[in-house]
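Some notes on the structure that comes next.
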Ligand code: THU
C-alpha cells in the first residue's frame with residue numbers, strides 16, 4: 001500500500017469505530033481525500049426511524065464541506081467482510097456532486113483495501129452538476 005492509501009485507510013478504519021449502527025449492526029467508515037490533499041472522514045449514523053439514518057459517505061462529505069473543501073479526489077469506504085462494502089446508489093450520486101467520473105472509490109475491509117472502481121464504473125451515464133449548467 002502507498003503511504004497515501006494507508007492514510008486514507010487508517011482514517012476510514014478509525015471512523016468506522018465511531019459508527020452508530022444499533023439496528024443493522026453494520027458499521028461503516030469513509031475517508032475522502034479532497035482536492036486540497038486533506039482527509040475528511042465520516043461514519044454511518046442510524047436512527048430508530050430507519051429511513052432517517054445516514055451513510056458514512058454522507059458524513060464524510062459534510063465534514064469535507066465544513067472544513068472548506070469542495071472537491072473529492074478519492075474515497076475509501078471501510079466495512080466488514082465478507083461482502084464488498086460498495087457505496088449505495090444514493091451515495092454514488094452524492095459523490096458525483098463533488099467528484100468527476102474518474103474519481104477512485106476504494107473498498108476496504110479490516111484486512112486492507114479489497115477493490116477499486118472509478119465512480120463512472122459505479123454510476124455510468126451519471127446526471128450531475130454539468131447537466132444543469
Ligand atoms: N452504509 C454506509 O454507511 N455506506 C455504504 O457504503 C453502505 C451502507 C450503511 C447504511 C446503514 O447504516 C448500514 O450501512 C446498513 O445498510
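Residues that are part of a loop (DSSP other than H, G, I, E, B) and at positive phi do occur in the range 15-28, at least one of them.
So that you can scan it fast, the table gives a plain yes or no per residue for (1) over 15 Å from the mean Cα position of the chain (by Cα); (2) within 13 Å of the ligand (Cβ to nearest atom); (3) surrounded by 16 or more Cβ atoms within 10 Å (Cβ to Cβ); (4) under 17 Å from residue 119 (Cβ atoms):
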{"position": "30", "(1), (2), (3), (4)": "no, yes, yes, yes"}
{"position": "34", "(1), (2), (3), (4)": "no, no, yes, yes"}
{"position": "59", "(1), (2), (3), (4)": "no, yes, yes, no"}
{"position": "67", "(1), (2), (3), (4)": "yes, no, no, no"}
{"position": "72", "(1), (2), (3), (4)": "no, no, yes, yes"}
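Taking every residue in the range 79-97 that is within 12 Å of the ligand (Cβ to nearest atom) and pairing it with any residue that is modelled with pLDDT of 95 or more and assigned to a loop (DSSP other than H, G, I, E, B), at least 6 positions away or on another chain, the pairs with Cβ-Cβ distances below 6 Å are 79/85; 91/55; 92/123.
Residue 52 passes every criterion in (1) under 15 Å from the mean Cα position of the chain (by Cα); (2) over 19 Å from residue 123 (Cβ atoms); (3) within 12 Å of the ligand (Cβ to nearest atom); (4) surrounded by fewer than 22 Cβ atoms within 10 Å (Cβ to Cβ) apart from (1).
The values are calculated or read from the model by the stated rules, or taken from the named source; none is laboratory data. Just so it is clear, the model here is predicted, and its values are computed rather than measured. Cβ atoms come from the backbone with ideal geometry, glycine included; neighbour counts cover every protein chain shown.
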